[in-house]
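The values are calculated or read from the model by the stated rules, or taken from the named source; none is laboratory data. Note that the structure is predicted; figures quoted are calculated from it, not measured. Methodologically, a virtual Cβ is constructed for each residue, glycine included, from the backbone with ideal geometry; neighbour enumeration extends over all protein chains shown. Each accessible area value is taken on the protein alone, full model and side chains, heavy atoms only, with ligands, DNA and RNA left out. Shrake-Rupley method; radii C 1.70, N 1.55, O 1.52, S 1.80 Å.
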Amino acid sequence: MLTQKEPVSHFITVEGYQVHVTEWGIDKPKSILLWHGFERNGRDFDHLAESLAKEYRVLCPDTIGRGLSQWASKPEDSYCFDLYEKLALKICEVFGFFNLDFLGTGMGGALGIRLASGPLQQNINHLIINDAAPQVEIDGLNRILSYSANPISFTVPQDYEDHLRSIYDGMGYLSDAQWRALTLSSLRRRDDGTITVDFDPGITEQFFDNLQDYDLWDSYQKITCPTLILRGQSSDILTAEVFAKMCEVNENATGVEFPNCGHAPALNKDQQIYVIEEFLKNDR
């Protein structure tokens, strides 16, 4: 029999695209959906998912254009929250997640705002927003675009790992083993044998064709479930001013800042996981 320590990969078809979903804790009674950041994939949550799987059935999708999910045929039309919402709703339908908690990092947090204020408002019991804002911060956006719009290639995995350590230093402390796992779960080989990122550079079209996706203050204020906002203290995506405003304008929201990290906390430390697990214990 499978246990919570043995994740299972699924492939489902949504809106004509094949989407990869990693599942943990398949026999657990409670449900939580973990959604990754902009150019990342669901394997980023391996450490957190393994911990939550003691009590939760955990789903970690790869958004289209990332990880093992299919790339979009029309990036300008498909890499947007309208489609990502449809992916989330279909995943909930297929896996029977009708009463769930939701945690999203970066882009995943923005998606959570839309879902918890819209189509899943009555279904999401707890919302956790990991270093995401209801607005665009240009400095942070430009930093992300600097390495995601034109990904570079490498000859060996170690060079790629060194690159990831540089651009993702905002995640905070990761052990050598965790850096290596992150590297191996987010690379692909090109036809010429070089190593590069496992996402479609076309995902950046969201910021050129669908930038309004991130104008979410109205949606954020409609959220009625208990909401936990996590922030890396040096984040350039969720600034201190916006973090304070998020805690102020929605009476259901509380916030926690994590020291020694920026965008976005990796949620791999015992302290970070404890904050999440304690929040999830609170009744709606």
Residues (modelled with pLDDT of 95 or more and in a loop (DSSP other than H, G, I, E, B)) located in segment 152-172 | S153, T155, V156, Y168, G172
Qualifying positions in segment 64-96 - of a type outside the set (D, E, K, R), in a loop (DSSP other than H, G, I, E, B) and either open to solvent by 80 Å² or more (accessible area, probe 1.4 Å) or more than 23 Å from A264 (Cβ to Cβ) (or both) | L68, Q70, W71, A72, S73, G96
Take segment 214-230 and flag every residue that is of a type outside the set (S, T, N, Q) and open to solvent by 10 Å² or more (accessible area, probe 1.4 Å).
-> Y214, D215, W217, D218, K222, P226
Across segment 15-53, the tally of residues that are among the β-branched types (V, I, T), more than 22 Å from W179 (Cα to Cα) and modelled with pLDDT of 95 or more stands at 2
Any chance V156 is over 20 Å from N260 (Cβ atoms), open to solvent by 60 Å² or more (accessible area, probe 1.4 Å), touching a residue at least 12 places away in the same chain (Cβ under 8 Å) and of a type in the set (A, V, I, L, M, F, W, C) | yes
Would you point out the residue of segment 173-215, among those that are charged (D, E, K, R) and assigned to a helix (DSSP H, G or I), that is farthest from I152 (Cα to Cα)?
-> D213
Restricting attention to segment 131-143, does a residue exist that is free of Cβ contacts under 8 Å to residues at least 24 places away in the same chain and surrounded by 13 or more Cβ atoms within 10 Å (Cβ to Cβ)?
-> no
